[in-house]
Amino acid sequence: MRSLARVLVLVSLAAVLGTFISSCRSAKAAYDDKHAILLDTMQITVPRENPYRAAATKYCDLVHTRLDVRFDWAHQWLYGQEHITLSPHFYPQASVKLDAKNLDIYKVELVGANGNTSPLRYTYDTMKLDITLDREYKEGEKFTLFIDYKSKPNERRIGGSDAIQEDKGLYFINPLGTDSDKPQEIWTQGETESNSYWFPTLDKPNFKCTDDIYITVDKKYTTLSNGVLASQKDNGDGTRTDYWHMDLPHSQYLVMMAVGEFVVTKEKWRDKEVNYYIEPKYAPYTMKMFGETPAMMEFFSQRLGYDYPWQKYSQVVVRDYVSGAMENTTATLHGENLNRTPRQMLDEDYHDYISHELFHQWFGDLVTAKTWSNTTLHESFADYSEYLWNEHRYGREYADWKNYQAFAKYMADVRKGKNYDLVRFHYDDREEVFDAHTYEKGGRILHMLRYAVGDDAFFKSLQLYLQRYAYKNTEVPALRMCFEDVTGRDMNWFFDQWYYNTGLPVLDFKYSYAHDSVYVKVSQKHSTDKPLTYQLPFRIDMHYDDIVVSENVTLTKRKQTFAFKALGRKPDLIDADGERVLLCEKSENKSIAEYEFQYRKGTRYMQRREALDSLKGAQKNNTGVAALYKDALRDHSESIRALAVRNILVTEADRDGILPALQAMLETDSASHVRAAVLDKLGREKARKYEAAVEKALGDSSYLVASTALITLNKLDSLKALQAIRLFAKEKVFDMKNAVYTVVALSGDSGYNGYFERKLKEDKGFSKAMLMYHYANFLCRMQPALSARGVVTIKAELLADQEKSKQLLGFGLGALERIKETYEREKAVYEQVESSGSRTKEKYKTALKAEIKEIDNVIKTAKTAIEEVKAVE
């Protein structure tokens, strides 16, 4: 029940808060493209100097590493014995300094030629192990050190980034087996420089070596590491030692282990083993998820002119992973988002994850950047591999759709004011380079480079790059030189403007026709007003009904006009960048008729999408555009159909024509994203006439459709939606749980507080993190006393989290900040009403003051909770 004073100021609150109460946003956002949900965490950025990030100096080269490891699950420790062989790079060395983070060092010895060992003097500051050698060693001489140590990954402060949430290096999952819903696992995450948390090494990307890893585990467990499984030894005590042999050099951040009760599915690519390590529950669906892998290996090998370079290729899916996936050499590790049933696979193509990590085996693993500043040599290529595979497997139309999504993700960063060079020599933290610039922008730049030189030259240049720098480290200029050697052209113009400059071009195209000539006037500026003039090759298409005349041009000036002879009349459409390859923001002076022509005659995905976007506002007053939108509901691209559904104008006059058509799509369209878009549209249109169709969609085979149906039903009839959540009471899939939490959070019924408190105890992982978001949304609609109680509940859950999940912490702090900020705004409105001098002031003065006091209590409780949680963090 709302108090009397609260009812009196309801109008004032609505005016000030607007839709704020119905959303939950904090300072830093990560965008989930599938659901278009804003997932929030808090981060305070403190300005610091950005020093130049040089490559690590090579005093010694790594030659070989041998590890013998065993585990203490109860304490979450690793006991390791290492033999590490090094050699002076050029200058003589009498000491060596290894990265060894937060280890217990028991022994450091020199291994002699006969295998005997002798102790060495060393100092250790918990980060660097500084070893004094027995003598000075010269270039070409090798020496082997023996180090006995213990790794204790949980006994340290945890760092991380958006891309890689934690940097412990070694992870024990459900170590005591107390969680019946989660298997016991051990896995590692080395990127960027975290493997030195579980073995001493030179933990920089420009050090490569071979390795042998002996892993001792209980016999029930399966292990995975780099290279091939050379042998297995039964130790006679219930344990087994697996020996993994890696005889090709790779960087230390790519060394990995995984331990768990996996089901291993094996197949072949040519004569090499390809296998998949999956927990038993999802093993029956292994081939549906990973079955395209050998085809991808063949495609990339042929396209690059360089066969898959390693001994085997494995993929493992683990629980509680701190990133999306990791391209460890010969052994990619995926997060549990790839633990999917066939029903879950209906809504999303997970092949992008698989192609991305596989392509890294060439770009990142075979040829590795010398520094993190050059991470574009890894992630931009892996990002673009998704386009290459989609183009090959599903066609240009589908690939261009995915290309647009990547462009949109990069532009979201640009609109937040984020602008960085692609090659980033200056940064606060190396983790910063793993962002939409390095991934999505870099991938689009490679797409332009492919267009600029042509397909044959593009892939021939990549082949040369791989051949020239195989098993080595390099930087972006080396890539440029390969393109120059193949094409015979100077490519500095391209690399300078795209790799060593921020932002992107902003282009304005003005089309005209006069005296049987076509004119394209182009003006360009830089998105940050930098005095940079881009050199941009692109194609101009002139359409005369079904005839297309194309001209290749290169923009080299700030303002430039291109003129062409027409075919005796004005073209139906003049279209710059006909291939849609330019990474830019653009404006054009096309008419409605020209955009209509572009949609109906355009052969490229982006031509039709741009036309629909541009014509959205013309539907009301143009019957031709309205008809075009109706036709777009039948477009062969599911993305275009979904866009048409979202943007089609439903007027009172057309309501009985359009809504039945949408209902029909709900029954017949094969694409779950389209059916979900239809449901969302019916909800936004308050189309209660179609409530029965929405209820029927609750049983759709697609989780995306069923969850959207529940949220839509809540907009049409919230009581029915609350009744419907019982259908999904036992559902563990995130889509459905998220929809249920949304409905409950918006209910406004304080009786559901117990439901949220119970779910906070039951839920785990990302689902629990999102539950914090929904609980905050719920509490912002409650009486202050209940909100204060909820704040205490959230704080208790965060402080009790044994795994210290950064994800949960981020969402939890975001929830507390959300509640605090909402009540601060509400307090301001109450105080404004109290001091307004209105006639109701005296009558309700006491009630208002009491209300403000309760609100103050929520604010203070939230502030205290935030401080306590951050202190523990």
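When the residues of region 511-536 are filtered to those that are in a strand (DSSP E or B) and closer than 23 Å to Ile445 by Cα, which remaining residue is most open to solvent (accessible area, probe 1.4 Å)? It would help to see each step written out before you state the result.
To start, the set of residues in region 511-536 that are in a strand (DSSP E or B) comprises 511-514, 517-526, 536.
If we keep only those that are closer than 23 Å to Ile445 by Cα too, we end up with 522-526, 536.
Working: Val522: 1, Ser523: 35, Gln524: 11, Lys525: 102, His526: 1, Leu536: 5 Å².
The extreme case among them is Lys525.
Tell me, yes or no, whether region 209-224 has at least one residue that is out of contact with any Gly (no Cβ under 8 Å at 6 or more places or on another chain) and free of Cβ contacts under 8 Å to residues at least 60 places away in the same chain. Taking every residue of region 209-224 in turn, at least one turns out to be out of contact with any Gly (no Cβ under 8 Å at 6 or more places or on another chain) and free of Cβ contacts under 8 Å to residues at least 60 places away in the same chain. Quick check: anything in region 853-868 part of a helix (DSSP H, G or I), at pLDDT below 90 and open to solvent by less than 80 Å² (accessible area, probe 1.4 Å)? No: region 853-868 contains no residue that is part of a helix (DSSP H, G or I), at pLDDT below 90 and open to solvent by less than 80 Å² (accessible area, probe 1.4 Å).
Total residues in region 109-122 satisfying the condition of being surrounded by 12 or more Cβ atoms within 10 Å (Cβ to Cβ) and either aliphatic (A, V, I, L, M) or touching a Leu at 6+ places or on another chain (Cβ under 8 Å) (or both): the figure is 6. Here Arg758, Arg818, Arg781, Arg789 are screened, and the one residue that is among the basic types (Lys, Arg) and surrounded by 21 or more Cβ atoms within 10 Å (Cβ to Cβ) is Arg818.
Can we say Arg480 is open to solvent by 10 Å² or more (accessible area, probe 1.4 Å) and either under 24 Å from Gln361 (Cα atoms) or in a loop (DSSP other than H, G, I, E, B) (or both)?
When the stated conditions are applied, Arg480 passes them.
Is one or more of the residues making up region 624-647 part of a loop (DSSP other than H, G, I, E, B) and of a type in the set (Val, Ile, Thr)? Lay out the reasoning, then the answer.
Just the residues of region 624-647 that are part of a loop (DSSP other than H, G, I, E, B), to begin with: 633-637.
Still in the running and of a type in the set (Val, Ile, Thr): none.
No; the residues of region 624-647 include none that is part of a loop (DSSP other than H, G, I, E, B) and of a type in the set (Val, Ile, Thr).
Residues are listed down the side, and each one gets a yes or a no for (1) β-branched (Val, Ile, Thr); (2) within 23 Å of Glu440 (Cβ to Cβ); (3) open to solvent by 50 Å² or more (accessible area, probe 1.4 Å):
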{"residue": "Phe538", "(1), (2), (3)": "no, yes, no"}
{"residue": "Phe564", "(1), (2), (3)": "no, no, no"}
{"residue": "Lys586", "(1), (2), (3)": "no, yes, yes"}
{"residue": "Asn589", "(1), (2), (3)": "no, no, yes"}
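Does region 425-439 include one or more residues that are over 30 Å from Thr57 (Cα atoms), open to solvent by less than 10 Å² (accessible area, probe 1.4 Å) and either without any contact (Cβ under 8 Å) to a residue 12 or more places away in the chain or not hydroxyl-bearing (Ser, Thr, Tyr) (or both)? No: region 425-439 contains no residue that is over 30 Å from Thr57 (Cα atoms), open to solvent by less than 10 Å² (accessible area, probe 1.4 Å) and either without any contact (Cβ under 8 Å) to a residue 12 or more places away in the chain or not hydroxyl-bearing (Ser, Thr, Tyr) (or both).
Yes/no matrix, rows are residues, columns are (1) closer than 30 Å to Thr126 by Cβ; (2) open to solvent by less than 10 Å² (accessible area, probe 1.4 Å); (3) touching a Lys or Arg at 6+ places or on another chain (Cβ under 7 Å):
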residue	(1), (2), (3)
Gly190	yes, yes, no
Thr216	yes, no, yes
Gly236	no, no, no
Thr241	yes, no, yes
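Does region 59-75 contain at least one residue that is under 19 Å from Ile147 (Cα atoms), in contact with a Leu (Cβ under 6 Å, 6 or more places away or on another chain) and in a loop (DSSP other than H, G, I, E, B)? No, region 59-75 contains no residue that is under 19 Å from Ile147 (Cα atoms), in contact with a Leu (Cβ under 6 Å, 6 or more places away or on another chain) and in a loop (DSSP other than H, G, I, E, B). Is it the case that region 762-782 has a residue that's of a type in the set (Gly, Ala, Ser), closer than 30 Å to Tyr171 by Cβ and modelled with pLDDT of 95 or more? Within region 762-782, one or more residues are of a type in the set (Gly, Ala, Ser), closer than 30 Å to Tyr171 by Cβ and modelled with pLDDT of 95 or more.
Checked against (1) out of contact with any Gly (no Cβ under 7 Å at 6 or more places or on another chain); (2) closer than 27 Å to Ile186 by Cβ; (3) outside any loop (DSSP other than H, G, I, E, B), Ser373 passes all but a single condition, namely (2). Which of the residues belonging to region 388-418 are open to solvent by 40 Å² or more (accessible area, probe 1.4 Å) and not in a helix (DSSP H, G or I)? Result: Lys416, Gly417, Lys418.
The condition of being in contact with a Cys (Cβ under 7 Å, 6 or more places away or on another chain), part of a helix (DSSP H, G or I) and under 19 Å from Asn738 (Cα atoms) holds for Arg818. For region 588-599, check the following and say yes or no: at least one residue is of a type in the set (Asp, Glu), more than 28 Å from Ser523 (Cβ to Cβ) and assigned to a helix (DSSP H, G or I). Taking every residue of region 588-599 in turn, none turns out to be of a type in the set (Asp, Glu), more than 28 Å from Ser523 (Cβ to Cβ) and assigned to a helix (DSSP H, G or I). Residues in region 704-745 that are over 20 Å from Arg675 (Cα atoms), hydrophobic (A, V, I, L, M, F, W, C) and not in a helix (DSSP H, G or I): Ala729 alone. Take Asn403 and tell me if it is among the polar types (S, T, N, Q) and under 20 Å from Asn501 (Cβ atoms). When the stated conditions are applied, Asn403 does not pass them. Of the residues screened, Gln311 is not one that is under 24 Å from Tyr221 (Cα atoms) and buried (at least 23 other Cβ atoms within 10 Å of the Cβ). Filtered by the rule that a residue be closer than 20 Å to Gly80 by Cβ, part of a loop (DSSP other than H, G, I, E, B) and at pLDDT 95 or above, region 111-151 gives Leu120, Asp125, Thr126, Met127. Scan region 17-27 and tell me whether some residue there is at pLDDT below 50, surrounded by 12 or more Cβ atoms within 10 Å (Cβ to Cβ), under 30 Å from Asp352 (Cα atoms) and small (Gly, Ala, Ser). Yes, the conditions are met somewhere in region 17-27. Counting only strands (runs of 3 or more DSSP E) that sit completely within region 229-282, those holding 2 or more residues that are within 23 Å of Tyr79 (Cβ to Cβ) and hydrophobic (A, V, I, L, M, F, W, C) correspond to 239-251, 257-260. One residue is enough: does region 385-393 have a residue meeting the conditions in contact with a strand residue (DSSP E or B) (Cβ under 9 Å, 6 or more places away or on another chain) and under 19 Å from Met326 (Cα atoms)? Yes; the residues of region 385-393 include at least one that is in contact with a strand residue (DSSP E or B) (Cβ under 9 Å, 6 or more places away or on another chain) and under 19 Å from Met326 (Cα atoms).
Note on region 719-768: residues that are touching a residue at least 60 places away in the same chain (Cβ under 8 Å) and hydrophobic (A, V, I, L, M, F, W, C) total 2. Within region 459-469, does at least one residue satisfy the condition of being among the basic types (Lys, Arg) and modelled with pLDDT of 95 or more? Checked against the condition, which is being among the basic types (Lys, Arg) and modelled with pLDDT of 95 or more, region 459-469 yields at least one hit. Out of Phe299, Phe290, one residue alone is in contact (Cβ under 8 Å) with a residue 60 or more places away in the chain and either open to solvent by 10 Å² or more (accessible area, probe 1.4 Å) or out of contact with any strand residue (DSSP E or B) (no Cβ under 9 Å at 6 or more places or on another chain) (or both). It is Phe299.
For region 354-369, the condition of being touching a residue at least 24 places away in the same chain (Cβ under 8 Å) and open to solvent by 40 Å² or more (accessible area, probe 1.4 Å) holds for none of the residues.
Yes/no per residue for (1) free of Cβ contacts under 8 Å to residues at least 12 places away in the same chain; (2) within 22 Å of Arg539 (Cα to Cα); (3) out of contact with any Pro (no Cβ under 6 Å at 6 or more places or on another chain); (4) loosely packed, with under 13 Cβ neighbours inside 10 Å:
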{"residue": "Val581", "(1), (2), (3), (4)": "no, yes, yes, no"}
{"residue": "Glu594", "(1), (2), (3), (4)": "no, yes, yes, no"}
{"residue": "Ala618", "(1), (2), (3), (4)": "no, no, yes, no"}
{"residue": "Val645", "(1), (2), (3), (4)": "no, no, yes, no"}
{"residue": "Glu652", "(1), (2), (3), (4)": "yes, no, yes, yes"}
{"residue": "Asp680", "(1), (2), (3), (4)": "no, no, yes, no"}
{"residue": "Val694", "(1), (2), (3), (4)": "no, no, yes, no"}
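The values are calculated or read from the model by the stated rules, or taken from the named source; none is laboratory data. Everything numeric here is computed off the predicted structure, so don't read it as measured data. Heads up, the Cβs are rebuilt from the backbone with ideal geometry, glycines too, and the neighbour counts pull from every protein chain shown. With ligands, DNA and RNA removed, areas are computed over all heavy atoms of the protein, side chains included. Shrake-Rupley method; radii C 1.70, N 1.55, O 1.52, S 1.80 Å.
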